[in-house]
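These notes are about the structure you will find just below.
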Amino acid sequence: MMKILVTGGAGFIGSSFVRFVIRTRKDINMVNFDLLTYAGNLRNVEEVATNPRYQFVHGDMAERTQIQTLFQEHCFDAIVNFAAETHVDRSILDSAPFVRTNIEGTRCLLEEARQRKIAKFVQISTDEVYGSLGSSGAFREDTPLDPTSPYAASKAAADLLVLAYVKTHRVPALITRCSNNYGPYQFPEKLIPILITHAMENRPLPIYGDGLNIREWIFADEHSRAVLLALERGTPGEVYNIGSGEEKTNLEVVREILRLMEKPESLVQFVPDRPGHDRRYSLDCSKIRREWNWSSEVGFSAGLAATIEWYRKHEDWIREVKDASYRAYFDRVYTRRDETLAISATQPQNLLSDTYKTRP
């Protein structure tokens, strides 16, 4: 029986992996270690909470003493590090939490993995570390890193730290870089859940700039399936791109949502663009197709329809996460966007101090 530590397992992508593994694998025990900041929610893992192969531990991976205590109490075979601050807009307003969690938190985990001689360390990264892509081509695993946002820079730094621990300390770590995820339980600060929840309420659907930024979209459970393959078959020191091959402009995404929800396109509202907004991402996933026989099995339209249906059936979850701090954040980033960006350089803590609270 393998025992794995999953950090950030109460967040959107991490909880997808937790639910997927507990549902599909009977030979894996799991500890979910999560700080439960604004985007972490134990309701995301309710369906596995009583499973004897699952345990939740509340804690901060950037606090080394907490990590040491965790490893004293558990004997782990592997670590899968999902824990991260992930929203680009928040990193533009205040990069400090991103540096602390994404870089220092990863360092603390790597140190413990080194000392405890953990058999496998999987670092969950992002395609955003590659920067912005032109109108053709795709990012390969050996594409030079060129992050353009503080979020992407913090993830790129963590990736380099992981590879340094492989080379210097022989920590058996590898990195996965995935395209944009969507699906149930995604916190409504990201594009698709904002659009769905606003359409449910017949509110304006905010779209940055001209809406022609292109992203490659993958259903979260598909990402989880690939991460499990990385855990079992990935080679230490290697980087693996994970994607679906389905690229969409933001306008195509919003129009598909409106079509599926039978809402008018008059709900679309263009707002000032994000500073340094990357134009296009696309991943070359030939490596995992070749080595793992990987292919994405959930098409965008089918996955989007399932996602919309989930949000329609979980209005109580939406009401819970769209609390006062969420509404204040949304007002700053969208309703008063020009004002917020103008003062963010000098007063970032005033802008976001109430949005990084931990859940009880």
Quiz prompt | Among Val166, Gln269, Tyr311 the positive-end extreme of the charge dipole of the chain (Cβ point charges) | solution = Val166
Practice problem: Mind sorting Asp316, Asp34 by how few other Cβ atoms lie within 10 Å of their own Cβ, fewest first? | Solution: Asp316, Asp34
Exercise. Work from the charge dipole of segment 134-233 (Cβ charges, +1 for Lys and Arg, -1 for Asp and Glu, about the Cα centre) and give the residue of Tyr208, Ala220, Gly134 farthest towards its positive end.
Key: Ala220
Quiz prompt | Mean Cα-pair separation over length for the chain, i.e. relative contact order, pairs under 8 Å, 6 or more apart, % | solution = 18
Quiz item: Which far-off residues, 5 or more places away or on another chain, put their amide H under 5 Å from the one on Lys3, with H placed in the peptide plane?
Solution: Asn29, Asp77, Ala78
Quiz item: Expressed as a fraction of 2.2 N^0.38 Å, the rule-of-thumb size for a compact globular protein of N residues, what is the C-alpha radius of gyration of the chain?
Solution: 0.94
Self-check item: Derived scalar couplings ³J(HN,Hα) [segment 231-243; Karplus, 6.51 cos²θ - 1.76 cosθ + 1.60; whole Hz; x for Gly, Pro]
Solution: 4, 8, 10, x, 9, x, x, 9, 10, 10, 7, 10, x
Self-check item: Amide H within-cut-off set for Thr126, under 5 Å, with H built and near neighbours excluded
Solution: Cys178
Quiz item: For segment 24-117, treating each Cα as an identical point scatterer without solvent, what Debye log10 I(q)/I(0) comes out at q = 0.15, 0.24, 0.26 1/Å?
Solution: -0.66, -1.34, -1.43
Quiz item: Where in segment 202-239 is the amide nitrogen less than 16 Å from a point lying 7 Å along the Cα-to-Cβ axis of Glu297?
Solution: 219-230
Quiz item: Pick from Leu110, Leu260, Leu163: which residue has the top mean-square fluctuation in a GNM of the chain where Cα pairs under 10 Å get a spring?
Solution: Leu260
Quiz item: Which cross-chain or sequence-distant (5 or more) residues have an amide H under 5 Å from the amide H of Phe187, H modelled 1.01 Å from N in plane?
Solution: Phe12
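Rule-based calculations on the coordinates, nothing more; no lab input. Only a predicted model underlies this, so the values are computations on that prediction, with no experimental measurement involved. For neighbour counting, all protein chains shown are included, and Cβ atoms are generated from backbone atoms with ideal geometry for every residue, glycine included.
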